[in-house]
Amino acid sequence: MKQDVELEDLVRQRIRGLRAARGWSLDELAARCHLSPSTLSRIETGHRRIALDQLTAIARALDTSLDHLVESGSDDDVVIRPHRDDARGMTTWLLSREGAPMTVAKLRITRAVPADLRVHPGRDWLTVLSGTVVLRLGDRTIHVRTGEAAEFSTMVPHAFGAVPGEPAEVLCILDHAGERSHLTELEAKMRAEH
């Protein structure tokens, strides 16, 4: 029961915080979510329980989702720990949560470009944070340097690595097909460790 009260208090704080961040008064948010200002005030101050239909309207008016309003306030997962995979020559930090529409990961690459080029549906995006990434796309070899980014169809045979002896760090965004191809085994290991 205590958890329910704590979560409700957190939801109230989020509603009040999002309203204030937009510079809206109680009257403005109340009008946008079709509630009376007094009802909204009682919701924000804890003098009224929040009904699901009210919460849905408030979330819509604040341009957020119910999931974001009611997600746990736990900070257990604030620190993102790396997973080192010496066999693949990569260290990975998963920056997105499970179930997100895209996977965001930071990679530290120490391996040279693998000879085996892969193909899978979708697109990959990467930004080089440090070093140089050697990207093989079919017959082409492209050097993507610090501060540069690359985006490509993954239906083109591809692989990437670092310049030998010079590690590179990248921030990559993978759609679901890219996630399955590049990170599924790694994600499973990382999630099992936590």
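The values are calculated or read from the model by the stated rules, or taken from the named source; none is laboratory data. Here the structure is a predicted model, which means the values were calculated and not measured. Methodologically, a virtual Cβ is constructed for each residue, glycine included, from the backbone with ideal geometry; neighbour enumeration extends over all protein chains shown.
Data overview
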quantity: Lone unmet requirement of (1) in contact with a Ser or Thr (Cβ under 8 Å, 6 or more places away or on another chain); (2) modelled with pLDDT under 90 for Ala59; calculated: (2)
quantity: Residue within region 128-139 that is exposed (fewer than 13 other Cβ atoms within 10 Å of the Cβ), touching a residue at least 24 places away in the same chain (Cβ under 8 Å) and either assigned to a strand (DSSP E or B) or not basic (Lys, Arg) (or both) present; calculated: no
quantity: Set Asp75, Asp27: member being at pLDDT 90 or above and loosely packed, with under 14 Cβ neighbours inside 10 Å; calculated: Asp27
quantity: Criterion (in contact with a Pro (Cβ under 6 Å, 6 or more places away or on another chain) and under 23 Å from Val5 (Cα atoms)) met by exactly one of Leu26, Leu18, Leu55; calculated: Leu26
quantity: Qualifying position, being closer than 30 Å to Asp67 by Cα and of a type in the set (Lys, Arg), among Arg81, Arg136, Arg111; calculated: Arg81
quantity: Hey, Arg49 within 30 Å of Ala159 (Cβ to Cβ), surrounded by fewer than 16 Cβ atoms within 10 Å (Cβ to Cβ) and either outside the structural domain of Val104 (by TED's automatic domain parsing) or modelled with pLDDT under 85 (or both) or not; calculated: no
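Residues checked against (1) modelled with pLDDT of 80 or more; (2) surrounded by fewer than 14 Cβ atoms within 10 Å (Cβ to Cβ); (3) assigned by TED's automatic domain parsing to the domain that holds Glu169:
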{"residue": "Glu6", "(1), (2), (3)": "no, yes, no"}
{"residue": "Arg19", "(1), (2), (3)": "yes, no, no"}
{"residue": "Glu44", "(1), (2), (3)": "yes, no, no"}
{"residue": "Ser96", "(1), (2), (3)": "no, no, yes"}
